[in-house]
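What follows is a single structure, written as structure tokens, with notes after it.
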Amino acid sequence: MKCAFGLGVGLAISTSIAQAAVACGSGNFQAWLDDFKTEAASKGISQATITSSLNGVTLDQSVINRDHSQKVFDQTFEQFSGRMVPPRLSRGANMLKQYGSVLSRVEETYGVPGEVLVAIWGLETDFGVNIGKFPTLRSLATLAYDCRRSELFRGELLDALRIIDRGDMSASDMHGAWAGEIGQTQFMPSNYVKYAVDFDANGKRDLLRSAPDVLASTANFLASHGWQKGKDWQPGSPNFPALQEWNKSDVYSRTVAYFATQLVRQP
């Protein structure tokens, strides 16, 4: 599959073709990476961040294999929720109590109830236990170099560098799922840049280690996608579309809603 690149006229045409040859699966990953470093610098990312983040990064064929072999999500709601919710219900109830004061402040600020946030937290990473072990920069660089969704992941890689550049995370700390999701509720870098908040006021938007930042950032995402304070979140209700913005899968969104409702009913 070839990536689409806008072409100008005259010299611009030959320049764009040359760039395309480097940018899209040319067989020379290092040449592509060197070209990307130049682009990152032109976008205002510091040389120190570019060097610390991208020097030594290599192609990860296993990431490409995973991306090309993705299967359609074919579990029913009953199957998925039945597998995911019961093992997490007790711990979820404990998290509601443990972070009760934080969740109250988050709901006051963003209007999203703690039960919804804890449900997402549990489904995404088992409340921060399983955030993923893939080096994020390597995964994103690999997917940006591959031609299937090159431009999308090129943008995500730039945003990952921006997260490092603004001091929220170091390059060595940046690890997560194979497709580049970061943190305890699995933000893509572009969403991290847009919605992550420093709720514990320590100067960093830390979605790896700070539960207050994780919960508030997740609430900020939902609030920014139309969450209405005090309204229901079940399918067909005013807040269900916001859950669908979090995850396009209807089964996943319904499972979040179901999990949150079960947490409301916990003693």
Do you know which of the residues in segment 77-111 that are β-branched (V, I, T) and in a helix (DSSP H, G or I) is nearest to the chain's Cα centre (by Cα)?
V106
Listed residues D159, D74, D67; which is out of contact with any helix residue (DSSP H, G or I) (no Cβ under 8 Å at 6 or more places or on another chain) and acidic (D, E)?
D74
Do we have any residue at all in segment 66-76 that's modelled with pLDDT of 95 or more, surrounded by 12 or more Cβ atoms within 10 Å (Cβ to Cβ), in a helix (DSSP H, G or I) and not β-branched (V, I, T)?
no
Take the conditions among the hydrophobic types (A, V, I, L, M, F, W, C), free of Cβ contacts under 8 Å to residues at least 60 places away in the same chain, closer than 24 Å to Q70 by Cβ and in contact with a Phe, Trp or Tyr (Cβ under 9 Å, 6 or more places away or on another chain) and apply them to F240. Does it pass?
no
Could you list, in sequence order, all residues of segment 251-266 that are in contact (Cβ under 8 Å) with a residue 24 or more places away in the chain and either open to solvent by less than 70 Å² (accessible area, probe 1.4 Å) or in a loop (DSSP other than H, G, I, E, B) (or both)?
V251, Y252, T255, V256, A257, F259, A260, T261, Q262, L263, Q266
Log entry, pairs with first residue in segment 114-128 being touching a residue at least 24 places away in the same chain (Cβ under 8 Å), second being of a type in the set (F, W, Y) and part of a helix (DSSP H, G or I), beta carbons closer than 6 Å, six or more apart or on different chains, reads A119/F259; F127/W121
So is K43 more than 20 Å from E181 (Cα to Cα), of a type in the set (K, R), surrounded by 12 or more Cβ atoms within 10 Å (Cβ to Cβ) and at pLDDT 95 or above or not?
no
Subset of segment 50-65 (residues that are touching a Phe, Trp or Tyr at 6+ places or on another chain (Cβ under 8 Å), surrounded by fewer than 17 Cβ atoms within 10 Å (Cβ to Cβ) and either assigned to a helix (DSSP H, G or I) or aliphatic (A, V, I, L, M) (or both))
L59, S62
For F187, state whether it is surrounded by 17 or more Cβ atoms within 10 Å (Cβ to Cβ), in contact with a helix residue (DSSP H, G or I) (Cβ under 9 Å, 6 or more places away or on another chain), without any contact (Cβ under 8 Å) to a residue 60 or more places away in the chain and more than 29 Å from A41 (Cα to Cα).
no
Looking only at residues in segment 190-203 that are touching a residue at least 24 places away in the same chain (Cβ under 8 Å) and part of a loop (DSSP other than H, G, I, E, B), which one is nearest to the chain's Cα centre (by Cα)?
A196
If you go through segment 119-131 one residue at a time, do you hit one that is at pLDDT 95 or above and in contact with a strand residue (DSSP E or B) (Cβ under 7 Å, 6 or more places away or on another chain)?
yes
Of all residues in segment 91-104 being of a type outside the set (A, V, I, L, M) and in contact (Cβ under 8 Å) with a residue 24 or more places away in the chain, the one that is most open to solvent (accessible area, probe 1.4 Å)
R91
If I filter segment 213-224 for residues that are open to solvent by less than 60 Å² (accessible area, probe 1.4 Å), assigned to a loop (DSSP other than H, G, I, E, B), touching a helix residue (DSSP H, G or I) at 6+ places or on another chain (Cβ under 9 Å) and of a type in the set (V, I, T), do I get at least one hit?
no
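The values are calculated or read from the model by the stated rules, or taken from the named source; none is laboratory data. Values in this document were obtained by computation on a predicted structure and should not be read as measured data. Methodologically, a virtual Cβ is constructed for each residue, glycine included, from the backbone with ideal geometry; neighbour enumeration extends over all protein chains shown. These accessible areas exclude ligands, DNA and RNA; they are computed on the full protein's heavy atoms, side chains included. Shrake-Rupley method; radii C 1.70, N 1.55, O 1.52, S 1.80 Å.
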